[in-house]
Amino acid sequence: MAGRSTAATQRNPPQRRRISNTSNPKILKDPKLLFASALLLCDSFLVVLIIAYVPYTKIDWDAYMSQVSGFLGGERDYANLKGDTGPLVYPAGYLYFYSAIQYVTGGQVYPAQILFGILYIVNLGIILFIYGKTDVVPWWAFTLLCLSKRVHSIFVLRLFNDCLAMMLLYASLAALLYQRWHLGLIIFSGAVSIKMNVLLYAPPLLLLMLKAMSISGVISALAGAALLQILLGMPFIMSHPFAYISRAFNLGRVFIHFWSVNFKFVPEPIFVSKAFAISLLIAHLGLLTAFAHYRWCMHEGGLFKFLYSRLDPLKLKFALTSSFPLKKSSNSHSSTRVLRKEYIVTTMFVGNFIGIVCARSLHYQFYSWYFHSLPYLLWKTPFPTVLRVMLFIGVEFCWNVFPSSMYSSAMLLFLHLVILVGLWSAPPEYPYVDNKASTENKDK
């Protein structure tokens, strides 16, 4: 008995050690996760220092509060909702979010800065999560996400609504990584309701949905997103529909040439001309089509062959159901597949970057539209690491020249084009996890 007891005692310590090892926190086993957590902590401290010691910059906050006060006062005509920087030009979600912010902060700047500091850290946390799930950028390069003077300023010194919109966009992208397409599109619609720049992600998102979902799933997800927009805008649609739609979703706005960061070198008469806007739109659509055909859909034989493969079974299904209305097609979802996380992020980031390159005017706060995707995009190019870092520094430099000059804007456009050429030169990614059908997909 004593011998067996001693033997059992000798066997137990290794077992306890195994249990102890398996109970170690995951953060201690994953250096990338540990480094990302350390970055969040250090950047939180930096945000505290910025709020405490760097003077707040008055730009749009007073206008935001004036527009929100008009809304809370009962005004439902978008034509009458104005601030000291001009009329309200954002969808209804913006009013709801900033009404909540006004309620929490009392409309005061300092507590709003604290709130936006928290928002900055949450946003950075979501982005680091996305980076960690894709394994494209080396862990040390995560540091680049925390080094932008301009982005810190956009969040905690200027309190722009771009910050809210982009945080929701990245939350939407995080949901898409887990194939939660309906949820992701609802969050995406919420981001659009704050600022329409998020629509730059719409073309690649639609392509991803067509690859990952059935046609009926795509329609239902789009319907859910549209329904959210209708519900958010209902108080204004019911009272003054034309004023709301024409102002909140105005795609033809012309920005002031002086504030342009990217096309300051273009003479103002050309900059504000319709011909310049149309040429940029054509370039935008052409680049999206080229990337979709030769890069994003290359493994399906190109964009047009892929679209035909998705629509042709739909025609057959309609023909069958018209002949046999009670018969249910067993292959209705057979073409849907599970997309790789890296492919989802690459397609979304590149599609947005194409829109950035072709934008007629980028104001300083618009840097937040794509800054956090820059390291990812640079590491998707075939460039050496030194060149990637130099391109990142160059872009950051251009965005910190104030006011922008014809030289800084020409340099920024050149750097954007270099990155775009690098992305085009990268080998196309295989989109799918495996050959299994969407029976494994959690959200058809």
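The values are calculated or read from the model by the stated rules, or taken from the named source; none is laboratory data. The structure displayed is predicted, hence computed values, not measured ones. Neighbour counts run over all protein chains shown; Cβ positions are idealised from the backbone, glycine included. Each accessible area value is taken on the protein alone, full model and side chains, heavy atoms only, with ligands, DNA and RNA left out. Shrake-Rupley method; radii C 1.70, N 1.55, O 1.52, S 1.80 Å.
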If the only charges are +1 at each Lys and Arg Cβ and -1 at each Asp and Glu Cβ, what is the size of the charge dipole of the chain around the Cα centre, to the nearest 20 debye?
1580
Quick query: amide H of residue 83 versus all other amide H atoms, modeled in the peptide plane; which residues come in under 5 Å with a sequence gap of 5 or more or a different chain?
88
At 0.36 nm per residue, and after removing the present C-alpha to C-alpha distance, how many nm does the segment from residue 239 to residue 199 gain when stretched out fully?
11.8 nm
Karplus-derived 3J(HN,Hα), 6.51/-1.76/1.60, for each residue of the range 47-52, Hz, glycine and proline x:
4, 4, 5, 5, 5, 6
What order do you get for 250-263, 179-192 when each peptide is scored by the mean count of other beta carbon atoms within 10 Å, highest first?
179-192, 250-263
Ordering of 237-245, 348-356 by packing [mean C-beta count within 10 Å, highest first]:
348-356, 237-245
I'd like to check one number: the per residue accessible area of the chain, probe 1.4 Å, reported in Å² as a whole number.
48
Under 19 Å from the Cα of residue 133, which aspartates and glutamates turn up, not counting those fewer than eight places away in the same chain?
30, 342, 429, 434
Quick check for you: which residues of the range 44-80 have the amide N under 16 Å from the point 7 Å beyond the Cα of residue 108 toward its beta carbon?
52, 56
Whole-Hz Karplus couplings 3J(HN,Hα) for the range 360-368, θ = phi - 60° and coefficients 6.51, -1.76, 1.60, Gly and Pro as x, run 5, 9, 10, 7, 4, 6, 6, 4, 5
Built amide H within the under 5 Å cut-off of residue 30, gap 5+:
none
If amide H atoms are built 1.01 Å from N in the plane of the peptide, which residues on other chains or at least 5 residues away come under 5 Å of the amide H of residue 338?
433, 434
With labels modelled as points extended 7 Å from the Cα through the Cβ direction, what inter-label distance (nm, one decimal) is found for residue 279 paired with residue 410?
1.6
Output wanted: per-residue J couplings in Hz (rounded whole) for the range 397-410, from phi through Karplus 6.51 cos²θ - 1.76 cosθ + 1.60, θ = phi - 60°, x for Gly and Pro.
4, 4, 6, 9, 7, 9, x, 5, 10, 5, 6, 5, 6, 5
Rough spin-label spacing in nm, given labels placed 7 Å along Cα→Cβ, for residue 146 and residue 272
4.5
Output row, site residue 222, 7 Å Cα→C-beta label point, backbone N cut-off 12 Å, window the range 174-192, residues none
Set of aspartates and glutamates near residue 29 by C-alpha distance (under 17 Å), chain-local residues within fewer than 8 positions excluded:
135
Accessible area of the chain with a 1.4 Å probe: how many percent of it is carbon plus sulfur?
69
